[in-house]
Amino acid sequence: MKVYSEIPPIRRERWTDPLSTWGLVPTMGYLHEGHLSLVRRARQENERLGVSIFVNPTQFNNPDDLATYPRNLERDLLSLEKEDVDLVWTPSPEIVYPPGFQTYVEVERVTQQLEGPARPGHFRGVATVVNKLFNLFQPQRAYFGQKDAQQVVVIKQMVQDLNFNLEIVVCPIAREADGLAMSSRNAKLSPEARQQATCLYRALTAAKNAFTQGERNADTLRRLMLEVINSTELARPDYVSVARPDTLQELDIIQDRALLSMAVFVGGVRLIDNMLVE
């Protein structure tokens, strides 16, 4: 496994064997089983595999959140070596955004709801850094987790609009045994908050069960999710949503498919989760 922080050696390694298929797994590090499930899927489907580890400052609207984001590069590299990764890029912010940097990518309509209002500038940062990663690695496939559902929609829209020649592969949410979606932010939870953080999964499951039993009124499903969250002592909802999976527009009545999603503060830590129903 080769590890570089600069740009030229990544380009050189990428084109050493130009006929090989490449998969890319973009990450912000502090890897958990969710990340590694993406890596394994990419390893199976491509001849060569690249991973990026970069805590992207332009997607953080809260400086304290950026400063406290968990990091453990040494452990991450050991994990990736065990998964037979070929190439890892670990740049500094100065490499990704050199002095004088002034070009950003903005995806419009699908960023204006859900996470958009709560995190101004977040998706501009995501779209810009992912654009740079695609240009640098030029993979045939890039792998993302369904847990960041809106991010997936944004990246798919960018790929379509800017004619990137690659496939976006979306992988299922990896969960703990009690249903909590795996996330690097889980490390910031106190023991009590960690126990109560299952309220997100329980809320989504309650709404999904109601849908399975025939409920199609989106407001009813939102109320069911809020009831579970509001009955949890350390939880405070930021939003709950029942929306179209492709446009993220809120629904009144579910005709065929819907994305159930939410952001919840649990003990002060902001967590997100979602489920698709159809």
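From the set of residues in segment 196-210 that are open to solvent by 10 Å² or more (accessible area, probe 1.4 Å) and among the hydrophobic types (A, V, I, L, M, F, W, C), which is farthest from Gln255 (Cα to Cα)? Before the answer, list the steps.
Step one: filter segment 196-210 for residues open to solvent by 10 Å² or more (accessible area, probe 1.4 Å), giving 196, 198, 201-202, 205-206, 208-210.
Restricting the remaining residues to those that are among the hydrophobic types (A, V, I, L, M, F, W, C) gives 206, 210.
Details: Ala206: 19, Ala210: 15 Å.
Ranking the candidates gives Ala206 first.
Just for segment 153-179: of the residues that are open to solvent by 10 Å² or more (accessible area, probe 1.4 Å) and either assigned to a helix (DSSP H, G or I) or among the small types (Gly, Ala, Ser) (or both), which one is nearest to Asn61 (Cα to Cα)? Explain how you work it out, then say what you get.
First pass over segment 153-179, keeping only residues open to solvent by 10 Å² or more (accessible area, probe 1.4 Å): 153, 156-157, 159-168, 170, 172-178.
Within this subset, residues satisfying the condition of being either assigned to a helix (DSSP H, G or I) or among the small types (Gly, Ala, Ser) (or both) are 153, 156-157, 159-161, 174, 177.
Working: Val153: 20, Lys156: 23, Gln157: 22, Val159: 24, Gln160: 26, Asp161: 25, Ala174: 26, Ala177: 32 Å.
If we take residues in segment 153-179 being open to solvent by 10 Å² or more (accessible area, probe 1.4 Å) and either assigned to a helix (DSSP H, G or I) or among the small types (Gly, Ala, Ser) (or both), then Val153 is nearest to Asn61 (Cα to Cα).
Only one residue in Pro57, Pro9, Pro63 is surrounded by fewer than 16 Cβ atoms within 10 Å (Cβ to Cβ), in contact with a Lys or Arg (Cβ under 9 Å, 6 or more places away or on another chain) and not acidic (Asp, Glu), so which one is that?
Working: Pro57 fails: in contact with a Lys or Arg (Cβ under 9 Å, 6 or more places away or on another chain); Pro63 fails: in contact with a Lys or Arg (Cβ under 9 Å, 6 or more places away or on another chain).
Sole residue among the options that is surrounded by fewer than 16 Cβ atoms within 10 Å (Cβ to Cβ), in contact with a Lys or Arg (Cβ under 9 Å, 6 or more places away or on another chain) and not acidic (Asp, Glu): Pro9.
Considering segment 74-103 alone, what residues qualify as being under 18 Å from Ser37 (Cα atoms) and of a type outside the set (D, E, K, R)? Walk me through how you get there before you give the answer.
We begin by selecting, within segment 74-103, every residue under 18 Å from Ser37 (Cα atoms); these are 75-88.
Within segment 74-103, Leu77, Leu78, Ser79, Leu80, Val85, Leu87, Val88 meet the criteria.
If you scan segment 93-118, which residues turn out to be open to solvent by 40 Å² or more (accessible area, probe 1.4 Å) and part of a loop (DSSP other than H, G, I, E, B)?
Pro98, Pro99, Gly100, Phe101, Gln102, Thr103, Tyr104, Glu106, Glu108, Gln112
Six or more apart or on different chains, Cβ atoms under 9 Å: show the pairs whose first residue is in segment 205-219 and free of Cβ contacts under 8 Å to residues at least 12 places away in the same chain and whose second is open to solvent by less than 60 Å² (accessible area, probe 1.4 Å) and assigned to a helix (DSSP H, G or I).
The qualifying pairs are Asn209/Leu224; Glu215/Ala207; Glu215/Leu221; Glu215/Leu224.
State all residues of segment 242-258 that are under 14 Å from Phe211 (Cβ atoms) and in contact (Cβ under 8 Å) with a residue 60 or more places away in the chain; if no residue qualifies, say none. Before you say what the answer is, go through the steps one by one.
Of the residues in segment 242-258, the ones under 14 Å from Phe211 (Cβ atoms) are 242-243, 245, 251, 253-258.
Correct list: Ala243, Pro245.
Filter segment 88-123 down to residues that are closer than 25 Å to Ile272 by Cβ and free of Cβ contacts under 8 Å to residues at least 40 places away in the same chain, then give me how many there are. Explain how you work it out, then say what you get.
From segment 88-123, those closer than 25 Å to Ile272 by Cβ are 93, 96, 104-123; that's our starting set.
Subset that is free of Cβ contacts under 8 Å to residues at least 40 places away in the same chain: 93, 106, 108, 112, 116-117.
Number satisfying all stated conditions: 6.
The values are calculated or read from the model by the stated rules, or taken from the named source; none is laboratory data. Fair warning: this is a prediction, and the values are worked out from it, not measured in the lab. Reconstructed Cβ throughout: ideal geometry from the backbone, glycine too, with neighbour counts over all protein chains shown. Surface accessibility is based on the protein's heavy atoms, side chains included, excluding ligands, DNA and RNA. Shrake-Rupley method; radii C 1.70, N 1.55, O 1.52, S 1.80 Å.
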